[in-house]
Amino acid sequence: MRVHVIETGRVQIKASQIVGQGRGLRRRLAPLSDTQWSDWLPVNAYLIEHRDGVILVDAGASAGLKRLPRWHPYFRLCVRFEIEPEEEVGPQLRALGVAAGDVRRVVLTHLHIDHDGGLGHFPNSEISVSPGELRRASGLAGRLRGFLPERWPKAFAPKPLLLDDGPYGPFPQSKRLTADGAIVAVATPGHTPNHLSVIVEDGDRAAFIAGDASYNEAAMLAGAIDGVSDNEPQATATLAAIRAFAASRPTIYLPAHDPDSAQRLAERRPVCVGQSITACAAASRDAAVAMAFGERMSASSGKAQSEIKVMSRKSFE
Ligand SMILES: [Zn+2]
């Protein structure tokens with residue numbers, strides 16, 4: 001089984017959207033007046049090759065996002081995209097040798113505009129969306145909330161993804177997406193109330209495809225909620241659940257907009273949390289220790305990589 005990162009252009013948002021400032025409504029309005037823009041951040045979708053077929057998690061941005069409705073203050077003041085048509089997910093998959101028809105299923109973490117933008121490339125794939133997310137994103141109320149339902153493909157008829165398989169680790173709701181149970185959708189509410197993430201089990205490791213559960217790994221580790229979530233206790237509980245999961249097994253954390261996601265995936269570098277936190281702290285205090293730790297990490301990730309190669313051969317034989 002293999003996971004690929006597909007960068008569909010870049011986005012700039014406000015610093016106070018990445019890590020919320022203040023509380024409640026003030027936190028959610030802060031990006032409108034914030035003058036501090038982020039760096040250009042990737043807009044990642046993730047492709048999972050599995051023996052049951054190819055699964056795409058999120059459809060990324062589209063070149064159409066360079067033109068956004070001016071009437072909406074968020075679109076006018078808080079977000080900028082940089083993406084050419086050939087950077088959309090469809091052309092990039094073709095370059096990887098994957099035809100749109102090979103994508104059995106597209107699972108959307110949520111319906112924000114840079115996650116559903118590339119849906120038009122997959123007219124024949126099953127599109128899986130949380131029914132609650134679809135309700136919140138539809139119609140005029142959805143447009144007011146900052147979704148773009150008017151840009152969904154005409155034939156957009158997603159299948160409701162019900163997380164009705166019971167708890168999975170620290171996550172109270174989940175759904176196994178493959179017959180072998182190795183790919184699991186889990187509820188990660190916060191950024192949106194019905195946001196979900198996708199966990200890919202690979203032996204004793206896992207990749208955690210996080211959507212916008214947090215904008216980066218540091219925010220998740222710090223339990224710092226973003227400037228978007230409308231339920232602070234819920235968002236805080238989700239970040240705590242992700243940390244608990246990452247402490248339970250080596251977990252590569254892959255949010256959609258973390259500039260380090262691609263590098264972590266390439267190196268199979270897990271989150272530093274729980275048991276290993278003392279080692280991480282020691283490493284950052286002492287350069288010599290840090291170097292030794294780095295060597296151990298790369299040695300162990302080398303081993304993991306060869307295990308993954310064996311697994312992927314098994315998967316496709
Ligand atoms: Zn989002």
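Tabulated values for the structure
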{"quantity": "Long-range neighbours under 9 Å by Cβ, at least six apart or interchain, first residue closer than 12 Å to G90 by Cα and among the aromatic types (F, W, Y) within region 114-133, second part of a loop (DSSP other than H, G, I, E, B) and within 16 Å of the ligand (Cβ to nearest atom)", "calculated": "F122/A59"}
{"quantity": "Which numbered condition R145 misses (of (1) in contact (Cβ under 8 Å) with a residue 12 or more places away in the chain; (2) closer than 21 Å to V43 by Cα; (3) surrounded by fewer than 21 Cβ atoms within 10 Å (Cβ to Cβ); (4) in contact with a helix residue (DSSP H, G or I) (Cβ under 7 Å, 6 or more places away or on another chain))", "calculated": "(1)"}
{"quantity": "When residues of region 50-62 are limited to those that are in a loop (DSSP other than H, G, I, E, B) and over 18 Å from P259 (Cβ atoms), the one nearest to the chain's Cα centre (by Cα)", "calculated": "A59"}
{"quantity": "Residue selected from region 110-133 under the condition part of a helix (DSSP H, G or I) and surrounded by 22 or more Cβ atoms within 10 Å (Cβ to Cβ), by the criterion farthest from the ligand (Cβ to nearest atom)", "calculated": "H121"}
{"quantity": "Meets criteria (closer than 15 Å to R2 by Cα, small (G, A, S), more than 16 Å from the ligand (Cβ to nearest atom) and in contact (Cβ under 8 Å) with a residue 24 or more places away in the chain) for A182", "calculated": "yes"}
{"quantity": "Residue in region 46-67 that is of a type in the set (A, V, I, L, M, F, W, C) and within 21 Å of A222 (Cα to Cα) present", "calculated": "no"}
{"quantity": "Boolean, R76 is farther than 28 Å from K159 by Cβ, away from the ligand (no atom under 16 Å from the Cβ) and not in a strand (DSSP E or B)", "calculated": "yes"}
{"quantity": "Boolean, L65 is farther than 16 Å from F147 by Cβ, in a helix (DSSP H, G or I) and of a type in the set (A, V, I, L, M)", "calculated": "no"}
{"quantity": "Meets criteria (in contact (Cβ under 8 Å) with a residue 24 or more places away in the chain and within 15 Å of the ligand (Cβ to nearest atom)) for D260", "calculated": "no"}
{"quantity": "Residues within region 22-49 that are part of a strand (DSSP E or B), touching a helix residue (DSSP H, G or I) at 6+ places or on another chain (Cβ under 8 Å) and closer than 19 Å to V11 by Cβ, tallied", "calculated": "4"}
{"quantity": "Members of region 1-21 that are of a type in the set (G, A, S) and part of a strand (DSSP E or B)", "calculated": "G9"}
{"quantity": "The listed residue being surrounded by fewer than 17 Cβ atoms within 10 Å (Cβ to Cβ) and on the phi > 0 side of the Ramachandran plot, out of G53, G101", "calculated": "G53"}
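Condition check ((1) in contact (Cβ under 8 Å) with a residue 24 or more places away in the chain; (2) touching a Cys at 6+ places or on another chain (Cβ under 8 Å); (3) under 30 Å from E201 (Cα atoms); (4) crowded, with 18+ Cβ neighbours inside 10 Å) across all residues:
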residue	(1), (2), (3), (4)
S33	no, no, no, no
G60	yes, no, yes, yes
G90	yes, no, yes, yes
A95	no, no, yes, no
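We did not get these values from a lab; they are worked out from the coordinates using the rules stated. Computed from a prediction, not measured in an experiment: that's the story for all the values here. Here the Cβ is made from the backbone with ideal geometry for all residues, glycine too, and neighbour counts use every protein chain on show.
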